[in-house]
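Below is one structure, written out as structure tokens; comments come after it.
Every number in this text was worked out from the coordinates using simple rules, so none of it is lab data. Since the model is a prediction, treat every value here as computed from it, not as a measurement. Neighbour counts run over all protein chains shown; Cβ positions are idealised from the backbone, glycine included.
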Amino acid sequence: MKNIILDTDWGGDCDDVVAARLLANAHKSGEINFIGCVINDCRPYSVRSLDAFLLLSGIDIPIGMDFDAKDFDDDGAYQKRMVDNFKSKYAAETDAEPAVRAYRRMLATASDKVEIVAIGFTQVLADLLESEADDISPLNGMELVKEKVAHLWDMGGRWDGVNPREYNFVANARAISGSHRMCAYWPTPITFLGWEVGDSVHTGGNISEDDPLRKALIDYRCEGGRSSWDPMTALLAVVDNPEKAGYSTVSGRAFAEEGTGRCSFVEDANGPHRYVVKLHPDAWYEEQINTRLPL
């Protein structure tokens, strides 16, 4: 069973909530071993709300936080409701471990290789590569990732040639730096699910209104469901086979331009990166995700 870490900008949008539930349910069904989360967008209720939601969804895992990442747009509409109404094992945000240290601990202590599902900004992944040996592991970040990470599944970029400025890559200087360093230096294979894949697929609107997942969508003004960038990436990682998950792939190397984050892709059959292209109508993906969401 594969180990999964979720790297999320929890609070920046509500499709992260759908992705977290999908992974929690996949863990409970024995498809994956969901071993931890890292939050790459720091908001006042991020850690406690994510932990409360995961506990409600039936799993108890550690959470790391990039405490420096306070420079993204702040909505987080559903976070306060979760903190006000449900319990968390964290008394305060600062009880969470700093993001890079949390990553190092999760990777060093994992019994087998880990796959990362990244559905937000990527500066923590880039910072992990630059981390030094410490009391957790004698390996530096690059060495640790090479030894313990099998694959990175990233919701980022836009690969249809229409617009090279995708939000996760270009939101601010922190996001731009992270996307550039990740594309340039990440040492394992990366599969990208781009903006164009998930925008027209809407999920979550079928869930009962008393489910905290549905309440989060309502708080974010997406009562009928939300674009499915993040849950599509999560399900792609769970299935671990793009064709079975409903996609063809294009192989090559992805680039995020230094200083701008503008994405581009050079095709190469032997390249370390690939992006996915939908093979089915949107309704097919909606059904695949929605059936996996109820508690």
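Looking only at region 63-72, count how many residues are closer than 13 Å to T94 by Cα and over 15 Å from the mean Cα position of the chain (by Cα).
Filtering region 63-72 for residues closer than 13 Å to T94 by Cα gives 63-68.
Checking which are over 15 Å from the mean Cα position of the chain (by Cα) leaves us with 67-68.
The number of residues fulfilling the criteria is 2.
Condition first: in contact with a Pro (Cβ under 7 Å, 6 or more places away or on another chain), of a type outside the set (V, I, T) and surrounded by fewer than 16 Cβ atoms within 10 Å (Cβ to Cβ). Can you find one or more residues in region 160-172 that meet it? Don't jump to the end; show me each part of the working.
So in region 160-172, the residues in contact with a Pro (Cβ under 7 Å, 6 or more places away or on another chain) come out as none.
No.
For region 116-151, the set of residues classified as of a type in the set (G, A, S), buried (at least 16 other Cβ atoms within 10 Å of the Cβ) and under 17 Å from the mean Cα position of the chain (by Cα) consists of A118, G120, A126, listed by residue number.
Inspect region 209-219 for any residue being touching a Cys at 6+ places or on another chain (Cβ under 6 Å) and either within 30 Å of Q79 (Cβ to Cβ) or among the polar types (S, T, N, Q) (or both) and give the result as yes or no.
Step one: of region 209-219, the residues touching a Cys at 6+ places or on another chain (Cβ under 6 Å) are 216-217.
Okay, now just the ones that are also either within 30 Å of Q79 (Cβ to Cβ) or among the polar types (S, T, N, Q) (or both), so 216-217.
Among the residues of region 209-219, at least one is touching a Cys at 6+ places or on another chain (Cβ under 6 Å) and either within 30 Å of Q79 (Cβ to Cβ) or among the polar types (S, T, N, Q) (or both), which makes the answer yes.
Residues of region 29-44 that are closer than 24 Å to S208 by Cα and in contact with a Phe, Trp or Tyr (Cβ under 9 Å, 6 or more places away or on another chain): none at all.
Out of all the residues in region 23-33, is one or more farther than 15 Å from Y78 by Cα, without any contact (Cβ under 8 Å) to a residue 12 or more places away in the chain and among the polar types (S, T, N, Q)?
Of region 23-33, the ones farther than 15 Å from Y78 by Cα are 23-33.
Checking the rest, the ones that are also without any contact (Cβ under 8 Å) to a residue 12 or more places away in the chain come to 29.
Now narrow it down to the ones that are among the polar types (S, T, N, Q): 29.
Yes; the residues of region 23-33 include at least one that is farther than 15 Å from Y78 by Cα, without any contact (Cβ under 8 Å) to a residue 12 or more places away in the chain and among the polar types (S, T, N, Q).
Taking the criterion of being assigned to a strand (DSSP E or B) and touching a Pro at 6+ places or on another chain (Cβ under 9 Å), the residues of region 20-39 that qualify are I35, G36, C37.
Please determine whether any residue of region 86-93 is out of contact with any His (no Cβ under 8 Å at 6 or more places or on another chain), in contact (Cβ under 8 Å) with a residue 60 or more places away in the chain and closer than 19 Å to V238 by Cα.
Just the residues of region 86-93 that are out of contact with any His (no Cβ under 8 Å at 6 or more places or on another chain), to begin with: 86-93.
The next check asks that each one be in contact (Cβ under 8 Å) with a residue 60 or more places away in the chain; those that pass are 86.
Pick out the ones that are also closer than 19 Å to V238 by Cα and you get none.
Scanning region 86-93 turns up no residue that is out of contact with any His (no Cβ under 8 Å at 6 or more places or on another chain), in contact (Cβ under 8 Å) with a residue 60 or more places away in the chain and closer than 19 Å to V238 by Cα.
Mind checking which residues of region 52-81 are in a loop (DSSP other than H, G, I, E, B) and under 24 Å from R101 (Cα atoms)? The answer is I59, D60, I61, P62, D66, F67, D68, A69, K70, D71, F72.
The condition (being of a type in the set (D, E) and outside any helix (DSSP H, G or I)) is satisfied by just one residue among D84, D112: D112.
For (1) closer than 23 Å to A69 by Cα; (2) of a type in the set (D, E, K, R); (3) out of contact with any strand residue (DSSP E or B) (no Cβ under 7 Å at 6 or more places or on another chain), each residue gets a yes or a no:
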site: W186; (1), (2), (3): yes, no, no
site: E196; (1), (2), (3): no, yes, yes
site: D199; (1), (2), (3): no, yes, no
site: N206; (1), (2), (3): no, no, yes
site: P212; (1), (2), (3): no, no, yes
site: L217; (1), (2), (3): no, no, no
site: A237; (1), (2), (3): no, no, no
site: G252; (1), (2), (3): no, no, no
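Quick one: would you say C42 is surrounded by 24 or more Cβ atoms within 10 Å (Cβ to Cβ) and either within 25 Å of R165 (Cα to Cα) or touching a Pro at 6+ places or on another chain (Cβ under 8 Å) (or both)? Even if it seems obvious, please write down each step before you answer.
On the way: surrounded by 24 or more Cβ atoms within 10 Å (Cβ to Cβ): no; either within 25 Å of R165 (Cα to Cα) or touching a Pro at 6+ places or on another chain (Cβ under 8 Å) (or both): yes.
Taking the combined requirement at face value, the residue does not satisfy it.
Scanning region 68-115 for residues being closer than 23 Å to L213 by Cβ, surrounded by fewer than 16 Cβ atoms within 10 Å (Cβ to Cβ) and of a type in the set (A, V, I, L, M) gives a total of 1.
Would you check if there is a residue in region 122-133 being free of Cβ contacts under 8 Å to residues at least 24 places away in the same chain, in a loop (DSSP other than H, G, I, E, B) and over 17 Å from R181 (Cβ atoms)? Scanning region 122-133, I find at least one residue that is free of Cβ contacts under 8 Å to residues at least 24 places away in the same chain, in a loop (DSSP other than H, G, I, E, B) and over 17 Å from R181 (Cβ atoms), so the answer is yes. In the set (1) of a type in the set (S, T, Y); (2) closer than 26 Å to V239 by Cα; (3) in a loop (DSSP other than H, G, I, E, B), the condition left unmet by Y103 is number (3).
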